[in-house]
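Just so it is clear, none of the values below were taken in a lab; they were calculated from the coordinates. Source: prediction; values computed, not measured. Methodologically, a virtual Cβ is constructed for each residue, glycine included, from the backbone with ideal geometry; neighbour enumeration extends over all protein chains shown.
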Amino acid sequence: MERVLMKGNEAIAEAAIMAGCRHFFGYPITPQTEVAAYMSKRLPKLGGVYLQAESEVASINMVLGASAAGVRAMTSSSSPGISLMSEGISYMAGCDLPAVIVNIQRGGPGLGGIQPSQADYFQATRSVGHGDFHVIALSPNCVQEMSDLTQSAFDLADIYRCPVMILGDGILGQMMEPVELRRIPERELPAKDWITSGTAGKRGHNIVNSLILKPEALEQSNFDRFDRYKLIEESEALCEEYMTDDADIVLAAYGAASRISKNAVLAARARGIKAGLLRPLTLWPFPKKNFAAAAAYAQAFISVEMSMGQMIEDVKLATECKKPVALCARTGGMVHSPDEILAKIISVNGGNYN
Amino acid sequence: MGDAVILVAGFGGQGILFAGKFLVYAGMLQGKHVSWLPSYGPEMRGGTANCSVIISDRPIGSPIAETPNILVVMNTPSLDAFEKSCVSGGRIFVDSSLIERKIVRDDVTGFYIPATRLADEDKLKGLANMIMVGKIIRETGICDSDEMEAALNKIVPERKKNMLEANLRAINLGYISA
């Protein structure tokens, strides 16, 4: 199949279209604007709906409505915009509605900057909004995965009836790489017998709602949802293992930071230090098994993040703190150099875990 | 040649990103691993612009040309900012009609092309970037003439196909420049 050069943001949009998404609602923000721009050109020609809403709050509620009506719907934004959407995402979780939400992260907190960042890890993996809930958080690290994982995201959303987030960053959104726009085989999907698409006088009403005033019933709905989360944690975690076979020092990194970490791993190996990399493709569910296994052979871990250290908590949890976990952090739109990461590897290899 | 780690830098509006796009397509058409990363943000409108292009036989880790072996500069602030980042033995291509000073370092090779002046003289206004590209092709052999034409065909949009000939002329002008 022919490979074309595309920006990561554009690959996400094209992949969504391949996956059958015809409804996009959003509000522009750097560095994700190309997702919306691409959709605005393509969707009207496909008989779909592209709508630039008046705000992120409106966008996410339009996604909620479209999803309740049974169609594959999507929005994209960047960090501050996702914060604005958090109420709507919580409502969607409470309504058990599928949707794909893209966050091409920028530096924060607050309005922050527009350069790449990974400081929304906690937001994506703990809870994007209020209440007991998770979204599945997928982390591509190249334009090909922007295409492939976006398609998977729609399937996961439909299978588990939950919002799925693509967590990218400004580098991945803006960079061009060759991509094969291949259709990922669709997984077996459950029938959407819960949608509010009209009864045609043949069945009772379906109701999509997150208001449950009886605590017993609300508790039960949470229990049911967490049964699904358990299934997700057991079966959907994904992790790339890069040179970990004989690794003494194991780096943990995702997204853009994982690419730079690979340079550092190679540089460390050239100096005789056995370094490797674990790269989660799913941030929630976190690939705990890969990390637990690594804790048996690695001497130490280094969490390489474009944040002040957020994923490091998951690394410590998954390894049950059996080995030291050091942090190599840049934030605010600054990006590690491979040399910086290499220096950390050398330091940790020398027994300095600070 | 080994990995090409290219940084193209200048003002917004000089076609910095376009020159980068040409180079990355040329690499892709050779079946290499490639990446293209622009600087993005408010500074792109009239301020500084730069883009990283990496062409490699192996999968690409970092897409940032932190230490380029081919540096292309089209204004003085860019030379000031990036001269020190070039690897030892690297090549620096300077638009000498816009940058008055010479390269300070003696461990890199400098090529001085009055690209903006050449473009103005040959009614190729706005194509100084492709004159620089022509010189890069000449000095690095980064692509052959077939690959060059194929790459141009990829990046010149359909509605601007009349620009193809001008781009070819610009590249040729850079290629034959002393």
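Restrict the search to the range A:1-102; then list the GluC sites (Glu not before Pro) that DSSP places in a loop and that have at most 11 other Cβ atoms within 10 Å of their Cβ.
When the GluC sites (Glu not before Pro) of the range A:1-102 are filtered for loop state and at most 11 Cβ neighbours within 10 Å, A:2, A:54 remain.
Mind checking B:21-29 for the average number of partner chain beta-carbons within 10 Å of each residue's beta-carbon?
On the way: counts 2, 0, 0, 4, 3, 0, 2, 6, 0.
Rounded to a whole number, the mean comes out at 2.
Taking the beta-carbon count within 10 Å as an exposure proxy, list B:161, B:154 from fewest neighbours to most. Mind dumping the intermediate values first?
Numbers: B:161 10, B:154 17.
Lowest count first: B:161, B:154.
Quantify how strongly other chains surround peptide B:63-70 by giving the mean number of their Cβ atoms within 10 Å of each of its Cβ atoms.
Numbers: counts 10, 10, 0, 7, 3, 0, 0, 0.
What the average comes to for B:63-70 is 4.
Please state the relative contact order of chain B as a whole percent: Cα pairs under 8 Å, 6+ residues apart? All intermediate terms of the calculation are to be shown ahead of the outcome.
Details: 358 pairs, mean separation 38.2, N = 178.
It comes to 21 percent, rounded to a whole number.
Hey, which lysines would be in cross-link range of residue A:322, C-alpha to C-alpha under 29 Å, not counting anything within fewer than 8 residues on its own chain?
A:230, A:262, A:274, A:288, A:289, A:344
What distance in nm separates the two pseudo spin-label positions at residue A:347 and residue A:69, each 7 Å out from Cα along the beta-carbon direction?
Taking the two extended label points, one gets 5.4 nm.
Please give the calculated 222 nm ellipticity per residue for chain A, where each DSSP H segment of at least 4 residues contributes -39500 (n - 2.57) and the sum is spread over every residue; nearest 500 deg cm²/dmol? Working shown, then result.
Details: 12 runs with 146 residues, N = 354.
Here the helix-only value at 222 nm equals -13000 deg cm²/dmol.
What are the equivalent ellipsoid semi-axes of the range A:258-354, built from the alpha-carbon gyration tensor (square roots of five times its eigenvalues), in whole angstrom, biggest first? Intermediate results must be reported in sequence, preceding the final value.
On the way: eigenvalues 73, 55, 31 Å².
Largest first, the range A:258-354 gives 19, 17, 12 Å.
If I take every Cα pair under 8 Å that is 6 or more residues apart in chain A, average their sequence separation and divide by the length, what percent do I get for the relative contact order?
Working: 785 pairs, mean separation 61.5, N = 354.
Averaging sequence separation for qualifying contacts and normalising by length gives 17 percent for chain A.
Between residue A:126 and residue B:146, what FRET efficiency follows from the Cβ-Cβ distance if R0 is 45 Å, with the result rounded to 0.05? Can you show the working numbers first?
Values: r = 54 Å, r/R0 = 1.19.
After rounding, the FRET efficiency stands at 0.25.
Determine, from the Cβ-Cβ distance of residue A:194 and residue A:321 and an R0 of 56 Å, the FRET efficiency 1/(1 + (r/R0)^6), rounded to the nearest 0.05.
Working: r = 42 Å, r/R0 = 0.75.
Efficiency, rounded to the nearest 0.05: 0.85.
How about the range A:288-345: which trypsin sites (Lys or Arg not before Pro) there are in a DSSP loop, with at most 16 other Cβ atoms within 10 Å of their Cβ? Mind dumping the intermediate values first?
Numbers: sites: A:288, A:289, A:316, A:322, A:330, A:344; in loops: A:322, A:330.
Those satisfying the criteria are A:322.
Does the protein assembly as shown classify as rounded, prolate or oblate by the C-alpha gyration tensor (a ≥ b ≥ c root eigenvalues; a/c under 1.5 gives rounded; else a/b over b/c gives prolate, otherwise oblate)? Show your work: numbers first, answer last.
Working: a/c = 2.38, a/b = 1.47, b/c = 1.62.
Judged from the Cα gyration tensor, the protein assembly as shown comes out oblate (a/c at least 1.5, b/c at or above a/b).
Is it possible to state the helix-based mean residue ellipticity at 222 nm for chain B, with each DSSP H run of 4+ residues giving -39500 (n - 2.57), the sum divided by total residues, to the nearest 500 deg cm²/dmol? What is it?
Numbers: 6 runs with 66 residues, N = 178.
The helix-only estimate for chain B comes to -11000 deg cm²/dmol at 222 nm.
Expressed as a rounded percentage, what relative contact order does the range A:239-349 have, with Cα pairs under 8 Å and six or more residues apart?
Details: 214 pairs, mean separation 35.0, N = 111.
With pairs under 8 Å counted, the relative contact order is 32 percent.
Straight-line reach from residue B:102: which lysines fall under 18 Å, measuring Cα to Cα and dropping same-chain residues less than 8 apart?
Of all the lysines, those that pass the test against residue B:102 - Cα under 18 Å, at least 8 places apart if same chain - are B:84, B:135.
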